[in-house]
Amino acid sequence: YKLMAKYTFLWDIFYRFGETDLGLWLNDFLLTVFCFDPFTECLEKTFPSTGKRADMVVSVHPLCQDLPLKILAHIDSNGLSKEPQARTTPFVTVVTDLGGAHKTWFNPGVDKCFVPSDVLNEKARSRGLEPSQIVQYGLPIRKGFWSQEERQDFSLENPAGLFEKLPWQGRSRQAGAKEQKSESLRSKLGIDEELPAVLVVGGGDGMGGIVDIGKALGDKLGKSASTPTYQLVIVCGKNEAAQKQLSGQKWAPGVKVHVKGFVNNMDEWMRASDALVTKAGPGTIAEASICGLPCMLFAYLPGQEEGNVPFVENSGFGKYSGDPKVIADTVCSWLNSPDKMESMKAAALAAARPSATLDIAKDLADIAFAKKLTKDNVLVRVR
């Protein structure tokens, strides 16, 4: 992954070849030859608490559709068939890309396919899925980005309690109001409670030229005044070299700069910020929209993340450029225009789907329990 993310032309070649008829056939052939037995062993495993195998299978990876469907058919028919009609175990796909997705995500043999956007809804149909198989709520995101009510009510000890308390119809279609950035949150994070804050992230691995972008932003923001009028937070992830270089940088007087390594409270950093500079990862974009953050995108993986750029731009809450100077100029122009900032924040919130995770979870529970009830009814009739 790191090699192809660094040399994106390799990612582009593999991605686009994988979408050709030959690439799809080769993928299916190789997975069947090398992974059929290990996958079968996994799917046949029983739970110690019940002595039974899984009641349902949920796939969240593009390479885990065709093969698991064949294996479930094989298991459910006691080895007699690998055809789709032989499968009785429910199988569901949750697509975790946003503005674009590989063809391997979509198999018409699934029971349900959850997609996060109109573009992927259309792609699922083009791959042969019926409208009745497709459910569009949004991209599943971490608990830290759920609404305050959902975070307070959810408990791992009693997850069903949340499903019973909250109304579900259409909740992912509308984003709730952006939670107020509190002074206590900024104080907790150790940043200024008043200065406008720009957050720069490069993913967990800190990729995408984060050093040059950080320097360009710091230079542009820092020359605005002789005393701090802005603050810049740069999260380098696991890129220790970038963190060391930026930590030793001498910054202009008009900006306060905070350089961080890997953080596990990104929800707090986003809620404490006014604008985000990031690579075009689907999860980060979905999370930023929930926080009402204007997004400046600076990098994407060809094919897989390429569609995330028009998703953000067409939704009205961001722009793309790979040039650090253009990035710095663009973000500064946003900060200098309160009306522009407000319109972009409103557009981000309009694109947000903060309840998608729980909406999907409820549907998965419904499918699993419906299957269990069907089994129980069959047993009753047989007896």
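The values are calculated or read from the model by the stated rules, or taken from the named source; none is laboratory data. Just so you know, these numbers come straight off a predicted model, no measurement behind them. Here the Cβ is made from the backbone with ideal geometry for all residues, glycine too, and neighbour counts use every protein chain on show. Side chains are part of the model used for accessible areas, which takes the heavy atoms of the whole protein and leaves out ligands, DNA and RNA. Shrake-Rupley method; radii C 1.70, N 1.55, O 1.52, S 1.80 Å.
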* To do: Determine whether segment 231-242 contains at least one residue that is in contact with a Cys (Cβ under 7 Å, 6 or more places away or on another chain), under 21 Å from Glu193 (Cα atoms) and among the hydrophobic types (A, V, I, L, M, F, W, C).
  => no
* Structure fact -> Scanning segment 331-361 for residues that are among the hydroxyl-bearing types (Ser, Thr, Tyr) and more than 21 Å from Tyr137 (Cα to Cα) gives Ser333, Ser337, Ser343
* To do: Please work out if Ala365 is open to solvent by 20 Å² or more (accessible area, probe 1.4 Å), touching a residue at least 24 places away in the same chain (Cβ under 8 Å) and not in a helix (DSSP H, G or I).
  => no
* To do: Any residue in segment 23-44 that's open to solvent by 60 Å² or more (accessible area, probe 1.4 Å): show its pairings with residues that are at pLDDT below 95 at Cβ separation under 8 Å, as long as the two are six or more apart or on different chains.
  => Glu44/Arg53
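Collect the residues in segment 268-295 that are among the acidic types (Asp, Glu) and within 10 Å of the chain's Cα centre (by Cα), keeping them in residue-number order. Let's see the steps before the verdict.
First, pick out the residues of segment 268-295 that are among the acidic types (Asp, Glu): 268, 274, 287.
Across segment 268-295, the qualifying residue is only Glu287.
Take segment 100-110 and flag every residue that is touching a residue at least 40 places away in the same chain (Cβ under 8 Å) and either surrounded by fewer than 17 Cβ atoms within 10 Å (Cβ to Cβ) or not in a loop (DSSP other than H, G, I, E, B) (or both). It would help to see each step written out before you state the result.
First, pick out the residues of segment 100-110 that are touching a residue at least 40 places away in the same chain (Cβ under 8 Å): 100-107, 109-110.
Listed by number, the residues that qualify are Lys103, Thr104, Trp105.
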* Structure fact -> Flagged in segment 111-128 as open to solvent by less than 10 Å² (accessible area, probe 1.4 Å) and of a type in the set (A, V, I, L, M, F, W, C), in numbering order, are Cys113, Phe114, Val115, Leu120, Ala124
* Could you name every one of the helices (runs of 4 or more DSSP H) located completely within segment 202-288 that has at least 3 residues being open to solvent by less than 40 Å² (accessible area, probe 1.4 Å) and closer than 16 Å to Ile191 by Cβ? => 210-222, 266-271
* Structure fact -> Okay, helices (runs of 4 or more DSSP H) sitting entirely in segment 1-73 with 2 or more residues that are of a type in the set (Val, Ile, Thr), I get 8-18, 21-44
* **Candidate set: segment 289-327, residues that are part of a helix (DSSP H, G or I) and in contact with a Gly (Cβ under 8 Å, 6 or more places away or on another chain); chosen: the one surrounded by the most Cβ atoms within 10 Å (Cβ to Cβ)** => Asn308
* To do: Spot the failing condition for Ser172; the list is (1) over 23 Å from Ser315 (Cα atoms); (2) open to solvent by less than 40 Å² (accessible area, probe 1.4 Å); (3) assigned to a helix (DSSP H, G or I); (4) at pLDDT below 95, and only one is missed.
  => (1)
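Taking segment 326-352 on its own, how many of its residues are of a type in the set (Ser, Thr, Tyr) and within 17 Å of Leu297 (Cβ to Cβ)? Let's see the steps before the verdict.
Step one: of segment 326-352, the residues of a type in the set (Ser, Thr, Tyr) are 330, 333, 337, 343.
From what's left, within 17 Å of Leu297 (Cβ to Cβ): 330, 333.
Adding up the residues that qualify gives 2.
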